[in-house]
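Since the structure comes first, as C-alpha cells, the remarks are kept for the end.
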C-alpha cells in the first residue's frame, strides 16, 4: 500500500505521477501503466471498475488530480473474486472522501 498524503513530490500532479512513484509500478511516456513489467493490469477506483478508466485509461489517469487520491493498493496476485482480466495484477486507487 502506498499512502499518497505522505509524498510531497506528487502534489499538483496527476494519478500517473502518483503511480510512477509506487514501487513495482511503471508509467510509460504515453501514460500506459505496467505492474512489474506486465501491462495487462486492471485499474480499480475505490475497489470497483470505473467507466473513467475503462475507455482510455492513460488519458483518464492524466485527468484525475493527485490531490484526490488517499492511497494506492497494488495486488500482484488477485484472488478468484476478480475476473480473469488484469492477469498482471490489480491497482486499486482509493480516493479521498470529501466532507461535503
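Bear in mind these aren't lab numbers, they're just calculated from the coordinates by the rules spelled out. Note that the structure is a prediction, hence the values are computed from the model and not measured. Here the Cβ is made from the backbone with ideal geometry for all residues, glycine too, and neighbour counts use every protein chain on show.
For the listed peptides 35-43, 16-24, a ranking on the average number of other beta carbons within 10 Å per residue, highest first, reads 16-24, 35-43.
Compared with the direct C-alpha span, the chain from residue 50 to residue 26 gains 6.6 nm at full extension, assuming 0.36 nm per residue.
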